[in-house]
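Working notes, structure below.
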Amino acid sequence: MKQTKMLIHTLREVPRDADVISQQLMMRAGMIQKLAAGIYDYLPLAFRSIRKFEEILREELAKDGCQELLMPTVQPAELWQESGRWSFYGKELLRLKDRKDADFCLGPTHEEVITDIVRRNVSSYKQLPMNLFQIQTKFRDEIRPRFGLMRGREFIMKDAYSFDVDDAAADKSYWAMYNCYSRIFARLGVKFRPVEADSGAIGGSFTHEFHVLAGSGEDAILSCDHCDYTSNAEKTEAPRIPPVDHGPAMALKPAHFKTPGIFAMAEQAVAFVDGEHNGMPLHQTSKVYWMDADLVVGKDADGHVTRRLAVAVTLRGDHEMNPVKVKNALGAVVLQPMADAEDFTGSVSGFLGPVARAGTRQWELEHSHPDAVVHLVDKALEGANNLTCGANVVDGHHFGFDPGRDLPSPRYLDVRMAQEGDLCPRCGQGHYQAFRGIEVGQVFKLGTKYSKAMNCVYLDEHGKENPMVMGCYGIGVGRTVAAAIEQNYDADGIIWPWPIAPYQVHLLDLDPGNAEVRAVAERMEKELEAGGFEVLHDDREGLSPGAKFKDADLLGFPLRAMVGSRGLKEGLVELRDRRSKEVVKFKPEEIVAQVAAARDRIMRELDAQGGR
Ligand code: ATP
Ligand code: MG
């Protein structure tokens, strides 16, 4: 392919609205351009990489007997009402009306449509298991689209769905997909980890996310340095730590410590001074997060009726709340910071506490409707006493706080964020190490949530009707390509992993005005293509070799072949490895053998790296 004929426009400057490396490099390399927020044009170079990744997906999924189909982007509201998600799915679901005023949405995912397809076409246990997938454009009206292809509103996803006769069979399908994903990301040669992730509060479900490790990743991952336990920090189990002994229990001393004008926990602790104490250790302080939680208590025409609870989450002063754990513990559909916590507790921010002060709304509610206020206390405080806590009066903190004694019906649970260095509770030997990751895929055992709601059933060998047990499996195609760049670049540009490089060889004609050079370059292009390699031939005239080198580094194809009049005087051309920068010189007729040898070496290095 001649570069003069190809739609590529490279940029020297970093585009102003590009926040992460992959987005900057893909825009500078002329791979993508923004059409609207979170909506991108995939130009030919990007599309070649995407297509290659899609082929890897197809090849690996085929090994597990998955069948490809294609579902519509536009989906009727009725299906979403049947599953109950029409009212649950928030503003990310782009809803539209047709000319007859009927409701539709743009598919953010396809559980409803696939369940409808299977219930209409599959009825016997003999047809199961079945795994169906598509590669298709999704739309999610993300609140903050950013990072180019990594968090778009419109994006390409591979989504697969499995249907099985029972739990054990569904688990088998799940682990087959887990292994399939491991093969897929290993083939790319990227460093990745499968991590245990939060599956919400649906019974019978569990899930792993696949993360490409990168400093720019949005997710925090904790991984034990001794056993295999690796999980998304939003779900990582915190180790049990015995309460620190703070001496014989004392009575609650109301608003004992005064720290006017000091609002941050760590600074307050230093300022907790009385006759006996010159500051308190953070493990003897406590803090509270007041939250509003909505629980589903019934159904109505819109789908569901919710009830609101006031929730106080009390933790040690040096621990952070984990909102996912709190949400799951309550079985809440929505959990958010209580907007009017100051009014509710009769306090001001910085001095909020869990113990009700007489005459406040909290006090009245705890006395009139005790089940409308929930006190969750982190396990690290089980059995603790002589703590400090916000007094719900300006500037004041209580001393002598004992959650078990001073709170109405406290529930002790693991509700904190685990941290790097924490002892791993799974093996009891290793400690957590922290990583950042980009979630590129997820495998999810759904159980019977959709099959029951939408009556997707089969007849077993006794003629009895049962709901199918489902799993769903997504991979972000654009996000994976971008994540591969996040892991593979240098100051000059992209360093493509061979399997998804738009082209494998960038052939630079350094003297296009010279007839001999041109003829040799033409011949090399033809021979490489005949040898099965993908070549972009930079045949542009009027550009210095330096300018061509810069563009080639930016585009980042694994190999760069160079033909110039100076080299040809000695009868030699050059081949440069983008990653190692090593150059070899040889006769033009050896080009195919040299490129093949370089490819074999690169693929061996990739195999050694994949997954580590
Ligand atoms: P996230 O937590 O990052 O918003 P998700 O967990 O909601 O993603 P899934 O529903 O699991 O996403 O979708 C499957 C895959 O689709 C994800 O693993 C990711 O690779 C990709 N994906 C999801 N949202 C986006 C997006 N806005 N832009 C690009 N890819 C996305
Ligand atoms: Mg996900």
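The single residue among LEU25, LEU61, LEU45, LEU57 that is farther than 15 Å from VAL481 by Cα and not charged (D, E, K, R) turns out to be LEU61. Strands (runs of 3 or more DSSP E) fully within the range 334-420 that include at least 1 residues being under 14 Å from ALA255 (Cβ atoms) and among the polar types (S, T, N, Q): 387-390.
In the list LEU315, LEU352, which residue meets the criterion of being modelled with pLDDT of 95 or more and over 30 Å from the mean Cα position of the chain (by Cα)? Unique residue meeting the criteria: LEU352. Taking the listed residues ARG416, ARG479, the one that is among the basic types (Lys, Arg) and either more than 16 Å from ligand 1 (Cβ to nearest atom) or free of Cβ contacts under 8 Å to residues at least 24 places away in the same chain (or both) is ARG416, with no other qualifying. Residues that are among the hydroxyl-bearing types (Ser, Thr, Tyr) and away from ligand 2 (no atom under 16 Å from the Cβ) within the range 436-485 comprise THR448, TYR450, SER451, TYR458, listed in sequence order. Taking the criterion of being of a type in the set (D, E, K, R), under 18 Å from PHE549 (Cα atoms) and in contact with a strand residue (DSSP E or B) (Cβ under 8 Å, 6 or more places away or on another chain), the only residue of the range 1-18 that qualifies is LYS2.
With the requirement that a residue be open to solvent by less than 10 Å² (accessible area, probe 1.4 Å), out of contact with any Pro (no Cβ under 8 Å at 6 or more places or on another chain) and near ligand 1 (Cβ under 9 Å from one of its atoms), what does the range 149-164 give you?
Of everything in the range 149-164, those that are open to solvent by less than 10 Å² (accessible area, probe 1.4 Å), out of contact with any Pro (no Cβ under 8 Å at 6 or more places or on another chain) and near ligand 1 (Cβ under 9 Å from one of its atoms) turn out to be LYS158, ASP159.
Selection of first residues in the range 343-358 that are of a type in the set (D, E, K, R) and of second residues that are surrounded by fewer than 22 Cβ atoms within 10 Å (Cβ to Cβ), restricted to Cβ pairs under 8 Å at least 6 apart or on distinct chains, gives the following pairs, ordered by first then second residue: ASP343/ARG361; ARG357/GLY346; ARG357/TRP363; ARG357/VAL393.
Looking only at residues in the range 234-271 that are small (Gly, Ala, Ser) and outside any loop (DSSP other than H, G, I, E, B), which one is least open to solvent (accessible area, probe 1.4 Å)? It comes out as ALA269.
Applying the selection to the range 482-499, what residues are open to solvent by 10 Å² or more (accessible area, probe 1.4 Å) and over 15 Å from ASP607 (Cα atoms)? If the condition is that a residue be open to solvent by 10 Å² or more (accessible area, probe 1.4 Å) and over 15 Å from ASP607 (Cα atoms), then GLU486, GLN487, TYR489, ASP490, ALA491, ASP492, ILE495 are the ones that fit. Summed over the range 208-233, the residues that are open to solvent by less than 20 Å² (accessible area, probe 1.4 Å), out of contact with any helix residue (DSSP H, G or I) (no Cβ under 6 Å at 6 or more places or on another chain), modelled with pLDDT of 95 or more and within 16 Å of ligand 2 (Cβ to nearest atom) give a count of 7. Return a yes/no flag: does the range 428-444 have any residue that is more than 23 Å from ARG153 (Cβ to Cβ), near ligand 1 (Cβ under 10 Å from one of its atoms) and open to solvent by less than 10 Å² (accessible area, probe 1.4 Å). Yes - at least one qualifying residue is present in the range 428-444.
In this structure, does GLY441 turn out to be under 28 Å from the mean Cα position of the chain (by Cα), assigned to a strand (DSSP E or B) and touching a residue at least 60 places away in the same chain (Cβ under 8 Å)? Steps first, please.
Details: under 28 Å from the mean Cα position of the chain (by Cα): yes; assigned to a strand (DSSP E or B): yes; touching a residue at least 60 places away in the same chain (Cβ under 8 Å): yes.
It is true that GLY441 is under 28 Å from the mean Cα position of the chain (by Cα), assigned to a strand (DSSP E or B) and touching a residue at least 60 places away in the same chain (Cβ under 8 Å).
The values are calculated or read from the model by the stated rules, or taken from the named source; none is laboratory data. Everything numeric here is computed off the predicted structure, so don't read it as measured data. Every residue, glycine among them, receives a Cβ derived from its backbone with ideal geometry; neighbour counts consider all protein chains shown. When the accessible area is computed, the model is the full protein with side chains, heavy atoms only, and any ligands, DNA or RNA have been set aside. Shrake-Rupley method; radii C 1.70, N 1.55, O 1.52, S 1.80 Å.
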